[in-house]
Structures are given as C-alpha cells and as structure tokens.
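Q: Here's a structure for you.
The values are calculated or read from the model by the stated rules, or taken from the named source; none is laboratory data. In this text the structure is predicted, and so the values were computed from the model without any measurement. Backbone-built Cβ (ideal geometry, glycine too); neighbour counts: all protein chains shown.
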Amino acid sequence: MRRAQAAMEYLITYGWAILIMLVVVGVLFYLGVFSPRGVSGCSFQSPGFTCYAYKLTANTSGVSGLILDLGQATGHDIKVIGFNCTTAETWTVSDFSPTGLNANNVTVPSGSHKPLNGTTTPMPLPCWKADGSMIGPGDADQYYKGKIYIHYIDLETNMDHKVTGDISGRIE
C-alpha cells in the first residue's frame, strides 16, 4: 500500500510541474519569443562590406524602403553603380535599380561608410516585395526579409563586382 501511495504522490506532484512547464512554453511560443520572424539583421556574404546603419521604413510623406549606410573595407575605394533590395532569390544585372540613387555620386572610400543615396542625409531606397510591389506606407509594422544586391566598380582596378547581403526586420 505504501508503494502505491508513494507512486501516486510522485506522479501527481511531478505531473503538475510538467503541466505548468508545458503551459509556460506554450505561452512563450504564442508571444513569439521563439519565432525568428522578429529577428532584425543586415549582413553581407562578401568580406569587407558591412551595414554601418540601416532601417526599413514606410514613409507616408515620401519614398519608403531601405535606408542603408554602407561600410566597406575592401582595400580600395569603390563606386556603387547599382542597387536592389528584393525578396526575390534570383536576380540579374538588369534587376539593379538605381531608382532614387544618384549612382554618379556614391563613392565609398575604403575603411569608411556612406549612405547609398549620394548625399550625407540618409534617404530610403526602394525595396521590392514578393508580389512585385514596393514597400509602402501600408506595410508599416510588417516583417520584411529579403536580399540586398550591390553592383560596384573598384576604382583602383576599374573592375566591376557584385555583392549580396541579407536584410530582415520590422518596417517602421
């Protein structure tokens, strides 16, 4: 009789503890604590390139998209001649969109950073969604995950190169 009572007490005591743990884990999943959707990040796959500062923005009074302050340490000054921000996984050179980008003025010295709009004031560059439309004011508070494609010329060798990066975060 003692063994049966001890077994029942054990199951009831630890059963409640396990049930409480399952409820807590369920609540954490419900709140999105374990969801990678909320993760923000900006990184490049090529060494020497960084996102010095970035923000996905949905302006109601202007252009919406990605504000990107590009840092580069390739050892040579570069001139950005093309940019694309999209959710598409494939791209071609013709996909580079200089819309809103004054490509003639975006020279980034090695070891420094510069906003990718050719001015000292960061302005949004268009980012494209899966349906082919651009990020707009209606996309505020939505999660965006896409690719950044930058086409540039190494000013020392005069050779063109392409780099790919990843961007994710909540559109503000």
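Q: Counting only residues that are without any contact (Cβ under 8 Å) to a residue 12 or more places away in the chain and either assigned to a strand (DSSP E or B) or under 27 Å from THR60 (Cβ atoms) (or both), how many does the stretch 140-160 have?
A: 1
Q: Can you pull out every residue in the stretch 58-85 that is of a type in the set (S, T, N, Q) and either assigned to a loop (DSSP other than H, G, I, E, B) or modelled with pLDDT of 90 or more (or both)?
A: ASN59, THR60, SER61, SER64, GLN72, THR74
Q: In the stretch 27-57, how many are in a helix (DSSP H, G or I) and modelled with pLDDT of 80 or more?
A: Final tally of qualifying residues: 5.
Q: Among the residues of the stretch 48-89, how many are under 14 Å from ILE135 (Cβ atoms) and among the acidic types (Asp, Glu)?
A: 0
Q: Mind checking which residues of the stretch 39-56 are polar (S, T, N, Q) and either surrounded by 15 or more Cβ atoms within 10 Å (Cβ to Cβ) or more than 9 Å from the chain's Cα centre (by Cα) (or both)? Quick ask: steps written out before the conclusion?
A: Residues of the stretch 39-56 that are polar (S, T, N, Q), as a first pass: 40, 43, 45-46, 50.
Answer for the stretch 39-56, where residues must be polar (S, T, N, Q) and either surrounded by 15 or more Cβ atoms within 10 Å (Cβ to Cβ) or more than 9 Å from the chain's Cα centre (by Cα) (or both): GLN45, SER46, THR50.
Q: On to the next question. In the stretch 62-81, which residues are under 14 Å from GLY165 (Cβ atoms) and buried (at least 21 other Cβ atoms within 10 Å of the Cβ)?
A: Listed by number, the residues that qualify are LEU66, LEU68, LEU70, GLN72, VAL80.
Q: Residues that are in contact (Cβ under 8 Å) with a residue 24 or more places away in the chain, touching an Asp or Glu at 6+ places or on another chain (Cβ under 9 Å) and β-branched (Val, Ile, Thr): does the stretch 164-171 have at least one?
A: Yes: one or more hits.
A quick yes/no check of all residues on (1) at pLDDT 90 or above; (2) assigned to a helix (DSSP H, G or I); (3) basic (Lys, Arg); (4) within 24 Å of GLU89 (Cα to Cα):
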{"residue": "ASN104", "(1), (2), (3), (4)": "no, yes, no, no"}
{"residue": "HIS113", "(1), (2), (3), (4)": "yes, no, no, no"}
{"residue": "THR120", "(1), (2), (3), (4)": "no, no, no, no"}
{"residue": "GLY132", "(1), (2), (3), (4)": "no, no, no, yes"}
{"residue": "GLY138", "(1), (2), (3), (4)": "no, yes, no, yes"}
